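**Q** Below is the structure I would like to discuss, written out as structure tokens.
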Amino acid sequence: MMMLIQIQSRLVYIEPQCIGLSQLDILLSIYHQQNGTQWINATNWGNTNISICMWAGVTCVNNIVLELDMEGFGLVGQLAEQVFCLTSLQKLNIRQNQMNSSISTGLCQLFNLIMLDAQQAGLVGSIPQCICNMTNVQSLQFSLNQLSGVIPQCNSMNYTQNLVNFSASCNNLTGDIPESFDSLQNLVYVDVKCNSQLNCSTHHTQPINLGTAEKYSILAETAITTTGSTVISGDMGISPNGASSITGFQLSLDVSGKVSSAPNVNGNIYASDYTPTTPGDLTIAINDMETAYTIASQSIPSATELGGGSIGGINFVPGVYIQMVISSQYCNRYYIIRIQC
């Protein structure tokens, strides 16, 4: 019979095989069931004369196992169910193994889990729906396996709200990208490319209201520059900087003083130092643009890093496009919400 207990207002199921087991018992069960004598670089595993906290890949805090790193150990077959008895576990790494097995639903009993790295682990079958119940998880990485079926649609706003990173690239996933990803406020990175049967086209966010900024093809605050053969279809505007910050265009000011034109711009050009009401109109448009940007930054974009930053010759459809900015130092890397599909 399964035991049911309540922890911090949560109902937690304790499998019968976990009752009465010490951490040593649990790790020894994993070792013996997974043919641990054949593992690679699994120093001290199975040695009961040495603290389990000294076993390779085991990280403890106050003698409690919080991390289990079994990357490249040579695991074969489904991960022993006893691993899911480590209810304090926060990080589990089983990447680069040849397990040739499905993901056990027991994984979802690790309610303290923050990170699961199961990339290139030899996983088959589907991603279990119960991952939606993993309220503390921040990173789920399933790339480079043979997983099939759909990505679980997590409907409740109470589930997976801490998720930051979801990767499942290069599998055999089908269906649509879950619309519920839009409701995950902490989600930064989604990578599901290299799934030939996965439908990305149906995933979209609600249209973003651009306000008065919608009339402009180009709207900038500091500078607009062209150095080549450029053709702009639509209006351009700049504020708070003035017309002198528009370079590379042959501006011709209208007699009204409110707008200018240029041979390569099929529309009007507006600047903050033109005659009223242009400055006030631009201030409103800039504010509307910034509001739209804030909303867009919380959405999953249509694409990122198109052309490696060189977008000449690319035809854009309406959507949100983001170029990820990376500084020269890894510790100063900036991540912007994005989806790769």
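**Q** Look through LEU147, LEU113 and report the one residue that is modelled with pLDDT of 95 or more, surrounded by 16 or more Cβ atoms within 10 Å (Cβ to Cβ) and part of a loop (DSSP other than H, G, I, E, B).
**A** LEU113 is the lone residue from the list that is modelled with pLDDT of 95 or more, surrounded by 16 or more Cβ atoms within 10 Å (Cβ to Cβ) and part of a loop (DSSP other than H, G, I, E, B).
**Q** Where the second residue is modelled with pLDDT under 90 and of a type in the set (S, T, N, Q) and the first is over 16 Å from ILE103 (Cβ atoms) and in a loop (DSSP other than H, G, I, E, B) and lies in the range 162-182, which pairs have Cβ atoms under 6 Å and are six or more apart or on separate chains?
**A** Between residues of the range 162-182 that are over 16 Å from ILE103 (Cβ atoms) and in a loop (DSSP other than H, G, I, E, B) and residues that are modelled with pLDDT under 90 and of a type in the set (S, T, N, Q), the close pairs are ASN162/ASN186; VAL164/ASN186; PRO178/GLN153.
**Q** Residues that are at pLDDT 95 or above, more than 19 Å from CYS18 (Cβ to Cβ) and within 25 Å of the chain's Cα centre (by Cα): does the range 76-89 have at least one?
**A** No, the range 76-89 contains no residue that is at pLDDT 95 or above, more than 19 Å from CYS18 (Cβ to Cβ) and within 25 Å of the chain's Cα centre (by Cα).
**Q** Take the residues in the range 181-202 that are hydroxyl-bearing (Ser, Thr, Tyr) and at pLDDT below 75; name whichever of them is nearest to GLN138 (Cα to Cα).
**A** SER183
**Q** Then there's this: Are any residues in the range 60-86 more than 14 Å from ALA118 (Cα to Cα) and surrounded by fewer than 15 Cβ atoms within 10 Å (Cβ to Cβ), and if so, which ones?
**A** Those that are more than 14 Å from ALA118 (Cα to Cα) and surrounded by fewer than 15 Cβ atoms within 10 Å (Cβ to Cβ): VAL61, ASN62, ASN63, ILE64.
**Q** For ALA223, only one of the following conditions fails: (1) buried (at least 18 other Cβ atoms within 10 Å of the Cβ); (2) more than 16 Å from PRO279 (Cβ to Cβ); (3) aliphatic (A, V, I, L, M). What is its number?
**A** So ALA223 meets the others, but not (1).
**Q** Of the residues GLN119, GLN98, which is touching a strand residue (DSSP E or B) at 6+ places or on another chain (Cβ under 6 Å) and in a loop (DSSP other than H, G, I, E, B)?
**A** Of the residues listed, the single one that is touching a strand residue (DSSP E or B) at 6+ places or on another chain (Cβ under 6 Å) and in a loop (DSSP other than H, G, I, E, B) is GLN119.
**Q** Still on this model: Of all residues being in contact with a strand residue (DSSP E or B) (Cβ under 8 Å, 6 or more places away or on another chain) and crowded, with 17+ Cβ neighbours inside 10 Å in the range 150-163, which is farthest from LEU198 (Cα to Cα)? Just the residue, please.
**A** If we take residues in the range 150-163 being in contact with a strand residue (DSSP E or B) (Cβ under 8 Å, 6 or more places away or on another chain) and crowded, with 17+ Cβ neighbours inside 10 Å, then LEU163 is farthest from LEU198 (Cα to Cα).
**Q** Another question, then. Looking only at the range 170-180, count every residue that is at pLDDT below 90 and buried (at least 20 other Cβ atoms within 10 Å of the Cβ) and tell me the total.
**A** Here the count works out to 1.
**Q** Out of everything in the range 227-255 that is touching a Lys or Arg at 6+ places or on another chain (Cβ under 9 Å) and assigned to a strand (DSSP E or B), what residue ends up being surrounded by the fewest Cβ atoms within 10 Å (Cβ to Cβ)?
**A** ASP235
**Q** Looking at the range 35-58, can you tell me whether even one residue there is assigned to a strand (DSSP E or B), of a type in the set (S, T, N, Q) and in the same structural domain as GLN141 (by TED's automatic domain parsing)?
**A** no
The values are calculated or read from the model by the stated rules, or taken from the named source; none is laboratory data. Source: prediction; values computed, not measured. Because the Cβ atoms are built from the backbone with ideal geometry, glycine has one as well, and the counts that use them run over all protein chains shown.
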